[in-house]
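K.L.:
So that we are looking at the same thing, I have put the structure below in structure tokens.
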4 protein chains.
Amino acid sequence: MNFASDNNSGIAPVVLAAIQRASQGFAPAYGGDAATLRIRDRIAEIFEHEVAVFLVPTGTAANALALAHLSPPWGAVLCHVESHVITDECGAPEFFGGGLKLIGLAGVAGKIAVATLAEALARPMWGGPHHVTPSVLSLTQATEAGTVYSADDIRALADVAHASGLAVHVDGARFANALARLDMSPAAATWKAGVDALSFGLTKTGALAAEAVVFFDPAKAAGMEERRKRGGHLVSKHRFLAAQFDAMLTDDLWLTLARHANGKADRLARSLAAAGLAPVWPVEANEVFVSLPAAADRRLKAAGATYYGWDSGSLPAGMSVGSDAVLVRLVTSFATTDDEIAQFVEAAAAR
Amino acid sequence: MNFASDNNSGIAPVVLAAIQRASQGFAPAYGGDAATLRIRDRIAEIFEHEVAVFLVPTGTAANALALAHLSPPWGAVLCHVESHVITDECGAPEFFGGGLKLIGLAGVAGKIAVATLAEALARPMWGGPHHVTPSVLSLTQATEAGTVYSADDIRALADVAHASGLAVHVDGARFANALARLDMSPAAATWKAGVDALSFGLTKTGALAAEAVVFFDPAKAAGMEERRKRGGHLVSKHRFLAAQFDAMLTDDLWLTLARHANGKADRLARSLAAAGLAPVWPVEANEVFVSLPAAADRRLKAAGATYYGWDSGSLPAGMSVGSDAVLVRLVTSFATTDDEIAQFVEAAAAR
Amino acid sequence: MNFASDNNSGIAPVVLAAIQRASQGFAPAYGGDAATLRIRDRIAEIFEHEVAVFLVPTGTAANALALAHLSPPWGAVLCHVESHVITDECGAPEFFGGGLKLIGLAGVAGKIAVATLAEALARPMWGGPHHVTPSVLSLTQATEAGTVYSADDIRALADVAHASGLAVHVDGARFANALARLDMSPAAATWKAGVDALSFGLTKTGALAAEAVVFFDPAKAAGMEERRKRGGHLVSKHRFLAAQFDAMLTDDLWLTLARHANGKADRLARSLAAAGLAPVWPVEANEVFVSLPAAADRRLKAAGATYYGWDSGSLPAGMSVGSDAVLVRLVTSFATTDDEIAQFVEAAAAR
Amino acid sequence: MNFASDNNSGIAPVVLAAIQRASQGFAPAYGGDAATLRIRDRIAEIFEHEVAVFLVPTGTAANALALAHLSPPWGAVLCHVESHVITDECGAPEFFGGGLKLIGLAGVAGKIAVATLAEALARPMWGGPHHVTPSVLSLTQATEAGTVYSADDIRALADVAHASGLAVHVDGARFANALARLDMSPAAATWKAGVDALSFGLTKTGALAAEAVVFFDPAKAAGMEERRKRGGHLVSKHRFLAAQFDAMLTDDLWLTLARHANGKADRLARSLAAAGLAPVWPVEANEVFVSLPAAADRRLKAAGATYYGWDSGSLPAGMSVGSDAVLVRLVTSFATTDDEIAQFVEAAAAR
């Protein structure tokens, strides 16, 4: 009963087989191999747009390199106050960005509202030389609360951001889950909605380690090769990054895996709700957040379930976690089974 | 006939099988898994010393993180003028080190002589506040010239370095090749000879991506967890880094693979020498450097051989590459076969 | 009628005369002169404690160098959300600190309450490797709201900070004003209350450009010489920084000048209050903040008064600035005269 | 008898008087004052070109800010191997430049030869992603050896640099001395010869602390305001920087002072030569380098003379410093008198 994180899962079998196949023979290192060259074209095809693509081994690397590339050191990256980039990367964006600032914006269910963004940009606190200047809006899709921005949400936010000269970045560590839920094209969910750069993560989806920074305007990517290299993020046996992407993007495996994870989250949420434990936020990707009575929490731990407690100021207005309860995050993945869900719900609901 | 680099090889089968096995079930992410915890103990056992170990996905990451951790931003890292850290990492040590300086020292066959180090440290160019202060001696083992420092070499260099307050770092991207050649214990080649920290690379040896920073004084590693994370180098599905190390360090696989590569380099060197193409430097690891007549170079290229030209100021005194010749580097790996060597030598020697 | 800032004033005559005297003859550069050496002893004497002292030309330099020295790059500096270091230095602490984070804490009248600090430190958002670790508490004395922490305030805050392993820094750009108001010894207001390092500013007090970083534990200052130099903040004709400090610290000139400024602020506040314009925060240093009716604002501008509008979320509970009014900051200095105050109040109060 | 450095001199009386005058009344801070605005126009007039100008308090700040602005973090700054930026600034350019590299080029008499630059740029060691890319040529004018590049020298070097995409920076800590010697217009010595940016120093010429970064293409200066501010180099009472520049640039005071210093260097050199102590390099600015017999060195020290020993690999071919001699640097300034020179030569020559 592992619901701790989708990165607690292993490698999807098709991806593992692709790594195995890619290991035959010799290939140029550092991205000079044929598979890497193909991947750029494949991503361009999938996104229906020319792209510059930089494969990297971690999501933190993708985010930090992207933000550092989109912002000058005296820029400010606006993001949700509970987003991964501001809370969970130990200052990676600040380090790669030469000391840029991340500014956290509040918002229910992990989402930034258009009015909140507009109000933040209107504050008299920006502009050189004394103040940093907003340079990037970074959205998380799916969000830390397991919710999803609609294309219209993104379009509206991007319009406000672009009007003030900000670039729009999406942290897509769970982009596949969001896209599977939105049921729209990658293009519609990104550049058509105003996204300038995407941290395109497939590790949580089921890869070993496969992340990419995708720029929809290749001209904006000048110098990124060097930035990646000096960040230590140019993997030498690069064909293995490419092989993972190739396997994932063939026959929509990434979306199939994400749909599986999303479906298991739905099932988990339904079952918990039926047991009186309704999720605190809509389940729109592969995460379920519930307020667990302390007794249920103890039973689950005793039964060997693993998951993390969660701390959030992003609950809906009027909702709070009771004193004898704990807010927990439950994450599903390509590897989650109905059995595990049934066991979990049984332990949670038992009395 | 791929002699371009050992990172052009794939994954050694035993390592690949270990990745496959590790993919079963769920495991905590970010190094909280059992395999990762075991690896530290295993490395301590192999090196016969307590250690702090940080697994990372690239050699550049290992070097840059290690040097940044051993040196203040106002420190100078002394290294061979043709070493990887100063020429081939696009400034990664400077970036991670907050703008530290790398100072290149000349030396025949890729090696720094003790007298050269002593003379450099004695120059009146060091010391705050106006000048940077030497903080680290970084040695490459095996060197960029495919040569190997003996334990006595390292001991003598380390003594000079320590006497001036420098820490001693070894870039061990080809540490296995060096160790296999030296035929001594890992301990004898490192901390017993005065090494403080090691970039312990197994990717070139035959892993997918498996590098580590090893500190022989764990107290010196305080804060390194955070440094790795904010560098984007804490891999989420960390068990797969651990699995590669585990496979490599079981039954001395790493040394077996390195011995294979070294043996193939010896064979290639002998065959080339018999054809009148003696290596310019002693072949002490898995690299052979020869001055190739232009005609041979053309024949080899036409026959599909891949290798890199080399530019070096590190040739033995009096030796130079003729105007109608090119210095080339030939690298062998666990995957190199006698057939390839035979084909290569035939094409090189044909007339 | 210049109430824009105390840095709009010139140089106090005694300080100017000291610069003139110091210009006679030759003197070693970069702090090797006799006057610089004397200043450290003088500051130690005044603070009744051994100190390490680093003179620099700007307050931003003092703050950024101090915070970078007290915090690792993965540290968090906790400060008031409206403090100069977080809002007005364009990211200088982040730049010098290798990408550290500044965390803004709310608080009425520019002050951080002990409970607020304790609550912030208790949040489950800290600690490596994923999260930054609180490393420094930075207090502004006098605050951005023109208020002053008592020695007891600082003691209580420092106790909470130290208990969690944080160092305590004071941004003392207006330290003289605070001290003059507190009427206590420099020692009592700093190290005796738990302060570890002080940005000791005398520019606003009446110098040309004279700031210092003072460490009360000289051992903690190791490496600071180099940090200052490579920050470009080691002034070559250093005797002129020393001369300014010398003049200021002789016969308590700094406190005399600060008392003058404070007294003028009191007078201005009293006169404005008599005209129905009571300050929004207690006037405890040399700044007066009032909510100015739009008409008064227009009259003052027309009459040639200069001052800045102010934006603050730090007003007392229940207080707000009316829609037809503007919150303004009025700063006095050693150069403020009663005449200017009278003119200002007359223009403000006229109807 | 102070010949240690021109920064051991005080403030030229006219400059001091200007500071005094500037201290009257109030003025906007941070460069918003009228004097600062005038200075940009004045510098544009003197250089006969539109300019962007940034006043800063130290020469290291000017150099580091300029180089960081002209180069990406993955760039290489080519400079003379004994230049101030690479040897004497404790890594300031690397720090401000996000970890860029300085590459030292050898050259007799402190000067980079055109062939040396061309050869360096032709080496197969440049270019991403693995290698840094040359981004700036930094020339020192006058050089560390007290010599001066002619306009033709600079033109030829700049042509080579520009052809490879490098910007040309001049460290002009002693620009006035060079210009006074060259007897040409500021324009002819800078942008007309291909210079893109100048560190324009007047502190050594006789100011308290007055340095500027001058860009001849203002568009290239975008973001420099913020870079200066977050470097802590935006001086608050900015009018005093402006006042120093204003005094210096009025009636060519800067050149008059520099001519005085140069003349004294000439006189010192002639007198020493007459006593058998000919300078090792041509005296082209305000510095004299001589090989001093140990006995003369002892006599001079005993007589109270101050000067620095010098270590250089830049001596003319075939020249060396004898074992019983020491190479020393003697610097003159606006404050040097004939009396001091006479005393010095007498002590040096006595037997």
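Every number in this text was worked out from the coordinates using simple rules, so none of it is lab data. Quick caveat, the model's predicted, so the values are computed rather than measured. Positions of Cβ are generated from backbone atoms using ideal geometry, with glycine treated the same way; all protein chains shown enter the neighbour counts.
K.L.:
Which residue, B:Glu48, B:Glu119, B:Glu144, has the most motion in a Gaussian network model of chain B that connects Cα atoms within less than 10 Å?
P.N.:
Maximum among the listed residues: B:Glu119.
K.L.:
Treating the point 7 Å from Cα along Cα-beta-carbon as the label, what are the nm separations from D:Asp338 to the other copies, to one decimal?
P.N.:
5.8, 9.2, 10.8
K.L.:
With chain B treated as a Gaussian network of Cα nodes joined by springs under 10 Å, which of B:Ser71, B:Ser323, B:Ser164 yields the largest mean-square fluctuation?
P.N.:
Among B:Ser71, B:Ser323, B:Ser164, the largest mean-square fluctuation in the Gaussian network model of chain B belongs to B:Ser323.
K.L.:
To the nearest 20 debye, what is the magnitude of the charge dipole of region C:268-351 about its Cα centre, counting +1 on the Cβ of each Lys and Arg and -1 on the Cβ of each Asp and Glu? List each step's numbers first, then the result.
P.N.:
Details: 6 positive and 9 negative charges, 48 e Å.
Around 220 debye, computed over region C:268-351.
K.L.:
Binned at 10 Å from 0, what are the whole-percent values of the Cα-Cα distance distribution for region B:1-120, short to long?
P.N.:
Reading upward from the zero bin: 11, 26, 33, 23, 7, 1.
K.L.:
Once the cut-off is 50 Å, how many percent of the Cα-Cα pairs in the protein assembly as shown end up in the long-distance tail? The partial results should precede the final answer.
P.N.:
On the way: 347565 of 984906 pairs.
Tail fraction, whole percent: 35.
K.L.:
Same structure, new question: Binning every alpha carbon pair distance of region A:225-351 at 5 Å from zero, what are the percents per bin?
P.N.:
Taking all Cα pairs of region A:225-351, the binned fractions are 2, 10, 16, 18, 14, 10, 9, 8, 8, 4, 1, 0 percent.
K.L.:
So what's the Cα pair-distance distribution over region A:49-180, bin width 5 Å, in %?
P.N.:
Over region A:49-180, the share of Cα pairs per 5 Å bin runs 2, 11, 21, 25, 22, 13, 5, 1, 0 percent.
K.L.:
At 7 Å along the Cα-to-beta-carbon direction for both D:Val14 and D:Glu45, put a label point, then send me their distance in nm to one decimal.
P.N.:
In this crude spin-label approximation the distance works out to 1.5 nm.
K.L.:
Here is a follow-up. Grab the other residues whose beta carbon is less than 13 angstrom from that of A:Ser271, score K and R as +1, D and E as -1, and report the net.
P.N.:
Working: positive: A:Lys264, A:Arg267, A:Arg270; negative: A:Asp266, A:Asp338, A:Asp339, A:Glu340, A:Glu346.
Net charge in that neighbourhood comes out at -2.
K.L.:
Look at the axis of the rotation that sends chain B onto chain C, then give the chain B residue with the nearest Cβ and the distance in whole Å.
P.N.:
Nearest Cβ to that rotation axis, in whole Å: B:Gly98, 3.
K.L.:
Here is a further query. Could you give the dipole magnitude of the protein assembly as shown about its Cα centre, charging the beta-carbon of Lys and Arg +1 and that of Asp and Glu -1, in debye to the nearest 20?
P.N.:
Working: 112 positive and 140 negative charges, 1 e Å.
Magnitude of the dipole: close to 0 debye.
K.L.:
Can you tell me the mean projection area, over all orientations, of the convex hull of chain B's alpha carbons? Units nm², please.
P.N.:
Average of the hull's projected areas for chain B equals 17.8 nm².
K.L.:
Along the positive direction of the dipole of region D:170-235 (beta-carbon charges: Lys, Arg +1; Asp, Glu -1; about the Cα centre), which of D:Ala197, D:His233, D:Ala176 reaches farthest?
P.N.:
Among D:Ala197, D:His233, D:Ala176, the one farthest towards the positive end of the dipole of region D:170-235 is D:His233.
K.L.:
State log₁₀ I(q)/I(0) for region B:1-41 at q = 0.20, 0.24, 0.29 Å⁻¹ as given by the Debye formula over alpha-carbon point scatterers of equal weight, solvent excluded.
P.N.:
-0.77, -0.89, -1.02
K.L.:
Rounded to the nearest 5, what % of DSSP beta bridges with both residues in the protein assembly as shown are antiparallel?
P.N.:
Roughly 50 percent of the DSSP beta bridges within the protein assembly as shown come out antiparallel.
K.L.:
To one decimal in nm, how far is A:Asp217 from the same spot in the other copies, if labels go 7 Å from Cα toward Cβ? Please give the shortest first.
P.N.:
Reported distances to equivalent positions: 2.0, 5.0, 5.1 nm.
K.L.:
What's the center-to-center distance, using Cα atoms, between region C:261-295 and region D:86-151 in Å?
P.N.:
One Cα centre to the other: 57 Å.
K.L.:
Okay, helix-only estimate at 222 nm for chain A: each DSSP H run of n ≥ 4 adds -39500 (n - 2.57), divide by all residues, round to 500 deg cm²/dmol; what do you get?
P.N.:
Values: 14 runs with 140 residues, N = 351.
-11500 deg cm²/dmol, from helical runs alone.
K.L.:
Let me ask another. Along the three principal axes, how long is region D:229-302 when you take its alpha carbons, biggest first, rounded to the nearest angstrom?
P.N.:
Projected onto the principal axes, the Cα atoms of region D:229-302 cover 50, 31, 23 Å.
K.L.:
Same structure, new question: Taking amide hydrogens as modeled 1.01 Å from N in the peptide plane, which residues meet the under 5 Å criterion relative to C:Trp281, leaving out close sequence neighbours?
P.N.:
Here C:Phe289 satisfy the definition.
K.L.:
Have a look at B:Pro72, B:Pro186, B:Pro316 and tell me which one the Gaussian network model of chain B (Cα, springs below 10 Å) gives the largest fluctuation.
P.N.:
B:Pro316
K.L.:
Shape of region B:123-178 from its Cα gyration tensor (a ≥ b ≥ c, root eigenvalues): rounded if a/c is under 1.5, otherwise prolate when a/b > b/c, or oblate? List each step's numbers first, then the result.
P.N.:
On the way: a/c = 2.97, a/b = 2.14, b/c = 1.39.
Prolate, because a/c is 1.5 or more and a/b exceeds b/c.
K.L.:
Any idea what the B:Gly127 label distances to the other copies are, label 7 Å down the Cα→Cβ vector, nm, shortest first?
P.N.:
In ascending order, 4.4, 4.5, 5.1 nm.
K.L.:
Kirkwood Rh and Cα-based Rg: tell me the resulting Rg over Rh for region A:131-233, rounded to two decimals. Provide the component values of the computation, followed by the final result.
P.N.:
Values: Rg = 14.0 Å, Rh = 14.4 Å.
Taking Rg over the Kirkwood Rh, I get 0.98.
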